[in-house]
Structures are given as structure tokens and as C-alpha cells.
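Peer 1: Structure below; questions to follow.
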Amino acid sequence: MIDRQEIAGVILAGGKGSRMGYQDKALLKFRHKPLIEHVIATASEQVDSLVLSVNRNQQLYEYLDLPIVADLENQYSGPLVGIHRAMAYLREESPNHKYLACFPADAPIFPQDLVIQLAEALEKDGTLFSCCRHQKQIQPLFSLWSLDAESSVKLALDSGIYGPKLLLPVINSSVVEISDQSSGSFFNINTVESLEEAEKFTK
């Protein structure tokens, strides 16, 4: 069984926020505090430690007191770049961790046992990468990776693949059906309108 102490997490906040007027989307207020703080609160209970993937205005995130990593190459090309950078960071700085759980900074509501479900699938199926499917929609950024996948992720990036969903048919992977019916679960906040919509979900 995969132990929580073997799992580190990365919160992906490295995008431009172009659909939000290039604001730091992760720092926009939702239910009276920044989106990223909601993600940290739920994610931190599921992993041993967290890092942040942030490519700009890093000083604005320092108050969270978490390690910050930036994409070294192909900045803003896609989330797979941030995932690979987090893998490389763990290999160099935290060799005791064997797995990386990923959480998008703009989806503040998700199950408290999500990583457990992903870990069970990863171990049962013997795969390198597991992600969610919720209400018939793949949620590739809510995912768990074996760090043994680092070289495969690098090959994918070198071939121009920048999104984890595109890796599903390429590397040994699992898709986990998540039956959570909580209001707003996995809802992605990309626009001002979607932020307003999210505020209406049952609290």
C-alpha cells in the first residue's frame, strides 16, 4: 500500500490567467479567501508535503510558506511542464518521496480522499499515472504520478505534448471514476463568470 509519507503534492498555479484579465487567478478571493488557500487546506491533509508551481509574481505567494518552483523551459506552455518541474524538484530536494499528487489552483472543491483513490488505482493497476473522471469528464490535473514517470514526461514534452490528458494513451495509466456528488466538486474557475457561479454552490 502506498503510504502518505511517500507522496508529495504540487499545486499548479503557473498559468497566465489570460481569461481572467491576466490576474493571478490563484489569489482571487473565493468565500473570503484566495482560491489557492482552499486547495492547500484540502490537499495538505492528503499528502506529506506541498510545493507550488508558480511562474510569475512569486513574491505574492511567499506568505503561504511553501516551496515555490517555476518552469525552467517552455513557460506557460501547459501544465505538464509544471508537473515535470515538480518531479525534478522532488528528485533533487526530497528523494524520500516516490509519488507526486497534482492539484489545479483554480478548482477549490474536491474530495478529501481523492489521493487515496488515485493511489489505490496506481498500485492495483501497476501504472505510472492515475487521474480522475467525474460525471463523464476527465480531470487530468487531479492526478497522481509515480516519479518513475519523469523520463516519460520529459519525452512527451520534447515531442510537443504539454497536457497530461494527451499522455493517457501514451504511457501506462489509470482513470479513476469519482462518484463524489458534492456541490461544485471539480468545478474549474477560469473566468469572472465562473467565479461568481462557484460562489453560489452549497457551502
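Here, each number is a calculation from the coordinates, and none is a lab measurement. What you see is a predicted model, and the numbers here were worked out from it, not measured in a lab. In this analysis, Cβ positions are derived from the backbone assuming ideal geometry, glycine residues included, and neighbour counts consider all displayed protein chains.
Peer 1: Decide, for the range 115-199, between rounded, prolate and oblate: order the square roots of the alpha carbon gyration tensor eigenvalues as a ≥ b ≥ c, take rounded if a/c falls under 1.5, and otherwise choose prolate if a/b is larger than b/c, else oblate.
Peer 2: Verdict is oblate for the range 115-199.
Peer 1: Taking other Cβ within 10 Å of each residue's Cβ, how do MET87, MET1 sort, fewest first?
Peer 2: Going from least to most buried by this count: MET1, MET87.
Peer 1: Just want to confirm a number: the relative contact order over the chain, from Cα pairs under 8 angstrom separated by 6+ residues, in percent.
Peer 2: 24
Peer 1: Next question. How do HIS32, HIS97 rank when sorted from fewest to most other Cβ atoms within 10 Å of their own Cβ?
Peer 2: Exposure proxy ranking, most exposed first: HIS32, HIS97.
Peer 1: Tell me which chymotrypsin sites (Phe, Trp or Tyr not before Pro) from the range 69-126 have a DSSP coil assignment and no more than 16 other beta carbons within 10 Å of their own.
Peer 2: TYR76
Peer 1: Would you work out which of VAL39, SER53, ASN190 lies farthest towards the positive end of the dipole of the chain, given +1 charges on the beta-carbon of Lys and Arg and -1 on that of Asp and Glu, about the Cα centre?
Peer 2: Value: ASN190.
Peer 1: Which order results if GLU6, GLU150 are arranged by neighbouring Cβ count within 10 Å, fewest first?
Peer 2: Ordered by Cβ neighbours within 10 Å, fewest first: GLU6, GLU150.
Peer 1: Once every DSSP H run of n ≥ 4 in the chain is given -39500 (n - 2.57) and the sum is divided by its residues, what mean residue ellipticity at 222 nm do you get, rounded to the nearest 500 deg cm²/dmol?
Peer 2: -7500 deg cm²/dmol
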